[in-house]
Amino acid sequence: MNPAFSLRNGALHAEAVDLRMIAERFSTPTYVYSRQAITSNFHAYRDAFSRIQPLICYAVKANSNLAILALLASEGAGFDIVSGGELLRVIAAGGDPGRVIFSGVGKREEEIELALSHGILCFNVESEPELDRINTIALRRRQRAPITFRINPDVDPKTHPYISTGLKSNKFGVAWHDAERLYRRAAAMPGIQVRGIECHIGSQITELAPFADAMARLLDLVDRLEAAGISLEHIDVGGGRGISYNGESLVPMSEFADALIAQLGSRPYRLLLEPGRSIVGDAGLLLTRVEYVKRGETKNFAIVDAAMNDLIRPTLYGAHHGVLPVVPREGEALDCDVVGPVCESGDWLARERSLVVAEGDLLAILDAGAYAMTMASNYNTRTRPAEVLVDGDSVHLIRERERFEDLIAHERVAG
Ligand SMILES: *Cc1c(COP(=O)(O)O)cnc(C)c1O
């Protein structure tokens, strides 16, 4: 658990705030984030890489709340986006479009127009037809579009198949073998300005080797491009550093940074990083209340007021999230699954846990700061949770709980 969350006087706190107080004031389920945890995670990158002054482009899709984007913008972060909507969020939060990189395999014309009109740092191009489309639009606008190619280095990040992205069989990036040809083509295009090279091999990676392998593949290519007269400004090694959901040990940040810096050697390129999960993942929890304790014939259930629509990672990836009672109580532990009210057997948040629980208790689902609220839905006509940001002893409501009226606002009864 991130040290910003701790047990104080018998109750779980976020920084100096008692989670019971948050439940009373904002009800449940509610996402609770720690400002201190987010900034210290960001500083860990900044400090470990300080010798080479990288640009750290936070991956907006991990958690795109405006307050979190504004906080990271104030720390000097750039942003990695995957849609026009995410660009508008960065701008709404006061982020600098000149520090935005645009990833994603399916960029639409209007999204490319939008990004060009705001002068983003570069497009991370994922296919040859995309290169042609960006060139055409840039020429129409009498601009040169800055680009990198996202290279698929074909390395195995040894993570869940749904979150590995750098294998030949994945839809992401251009093939390593084809990259030199594409760079030559791009360098000759009047609407394109080649800026750099990028890869992003997957997420929740705990070891160093996949990153080092990917970096080696990129540098090999970069050196060949340089020899061919195509010079780059930056090398972007993507995101993907894992967090410890269930006691996994991680390559320490200093070792990770030292290895990449050593590989870069004396080459003059600026380094870019695209971390998402490792900035916000352990900086948030989902606060929920037990509605019922149901004892079954073969299984017991703690039925809580949060569900798969609020946090889909367990059922989508089989992900493990720690569960802690907000006020630990004495008594006999119950072997149970923690499930929500949604009408799906896949609606579970934690399985086979041993918890001392009673109706009305508050539980904290840990490490729910990344790919949690951004993946929430309204399935079963459930309003999405409130979000709060704790800063010392103060609590800021950074997203109101949705109301039923919000859910039906865009619907029309025909006729
Ligand atoms: C999702 C994504 C990231 C962030 O990945 P994390 O595992 O959250 O660090 C970075 N870059 C790209 C291109 C992505 O799609």
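Exactly one residue among 393, 367 is closer than 25 Å to residue 70 by Cβ, within 16 Å of the ligand (Cβ to nearest atom) and touching a residue at least 40 places away in the same chain (Cβ under 8 Å), and that residue is 367. Taking residues in the range 237-248 that are farther than 16 Å from residue 37 by Cα, and partners anywhere that are of a type in the set (Lys, Arg) and more than 14 Å from the ligand (Cβ to nearest atom), not one pair has Cβ atoms closer than 7 Å while being at least 6 places apart or on different chains. Within the range 113-129, being in contact with a strand residue (DSSP E or B) (Cβ under 8 Å, 6 or more places away or on another chain) and surrounded by fewer than 22 Cβ atoms within 10 Å (Cβ to Cβ) holds for 116, 118, 127, 128. Applying the criterion of at least 2 residues that are within 16 Å of the ligand (Cβ to nearest atom) and in contact with a Pro (Cβ under 8 Å, 6 or more places away or on another chain) to the helices (runs of 4 or more DSSP H) found wholly in the range 209-294 leaves 209-227. The condition (being within 30 Å of residue 318 (Cβ to Cβ) and acidic (Asp, Glu)) is satisfied by just one residue among 223, 178, 213: 213.
Could you check, for the range 30-52, whether at least one of its residues is surrounded by 23 or more Cβ atoms within 10 Å (Cβ to Cβ) and in a loop (DSSP other than H, G, I, E, B)? No - not one qualifying residue is present in the range 30-52. Restricting attention to the range 376-408, which residues are crowded, with 16+ Cβ neighbours inside 10 Å and among the aliphatic types (A, V, I, L, M)? Across the range 376-408, the qualifying residues are 376, 386, 388, 389, 390, 395, 398. Is there a residue being buried (at least 18 other Cβ atoms within 10 Å of the Cβ), more than 12 Å from the ligand (Cβ to nearest atom) and in contact (Cβ under 8 Å) with a residue 60 or more places away in the chain anywhere in the range 85-93? No, that holds for no residue.
Output the residue which, of all residues in the range 94-110 that are more than 15 Å from the ligand (Cβ to nearest atom) and part of a helix (DSSP H, G or I), is nearest to residue 236 (Cα to Cα). My answer is 98.
Can we say residue 13 is farther than 22 Å from residue 288 by Cα and either aromatic (Phe, Trp, Tyr) or outside the structural domain of residue 247 (by TED's automatic domain parsing) (or both)? Spelling it out, it is not the case that residue 13 is farther than 22 Å from residue 288 by Cα and either aromatic (Phe, Trp, Tyr) or outside the structural domain of residue 247 (by TED's automatic domain parsing) (or both). Within the range 142-178, the set of residues being part of a strand (DSSP E or B) and farther than 23 Å from residue 192 by Cα comprises just one member, 164. Cβ-Cβ distances below 7 Å connect the following pairs, each with a first residue in the range 69-83 that is of a type in the set (D, E, K, R) and assigned to a loop (DSSP other than H, G, I, E, B), a second residue that is more than 14 Å from the ligand (Cβ to nearest atom) and at pLDDT 95 or above, and a separation of six or more residues or different chains: 75/39.
Where strands (runs of 3 or more DSSP E) fall wholly inside the range 310-377, the ranges with 1 or more residues that are of a type in the set (D, E, K, R) are 334-339, 348-355.
The values are calculated or read from the model by the stated rules, or taken from the named source; none is laboratory data. Source: prediction; values computed, not measured. So basically every Cβ, Gly included, is an ideal-geometry build from the backbone, and we count neighbours across all protein chains shown.
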